[in-house]
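The values are calculated or read from the model by the stated rules, or taken from the named source; none is laboratory data. Being a predicted model, the structure only gives us computed values, none of them experimental. Neighbour counts are summed over all protein chains in view; Cβ atoms, including those assigned to glycine, are modelled from backbone coordinates with ideal geometry.
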Amino acid sequence: MNPPAPCALPHHEPDSRVAFHQWDNQLGQMRHYTGTVLAHADRRIKISTDAPYRTVVETECGHVAKAGAR
């Protein structure tokens, strides 16, 4: 099996603003995040999230969209 092609989306580059949803097992629902890309490699993206969560999330990059204007 071939590895996935590298991601070339410009909004996945470090310092880009992004938004995404991720399932929260404790809440039993989707949680919306916005934040700034810290790193992106091998179709994985590391994001420093904004308030109120203020954490670092690592996830697959496919569902991460460019954030709207602040």
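If I go through the range 47-60 residue by residue, how many of them are surrounded by 12 or more Cβ atoms within 10 Å (Cβ to Cβ) and assigned to a strand (DSSP E or B)? The total comes to 7. When the range 1-48 is filtered for residues that are modelled with pLDDT of 90 or more, over 12 Å from CYS61 (Cβ atoms) and among the aliphatic types (A, V, I, L, M), the ones remaining, listed by number, are ALA19, LEU27, MET30, LEU38. Selection within the range 9-46: residues that are touching a Phe, Trp or Tyr at 6+ places or on another chain (Cβ under 7 Å) and without any contact (Cβ under 8 Å) to a residue 40 or more places away in the chain. The member of this set that is surrounded by the most Cβ atoms within 10 Å (Cβ to Cβ) is TYR33.
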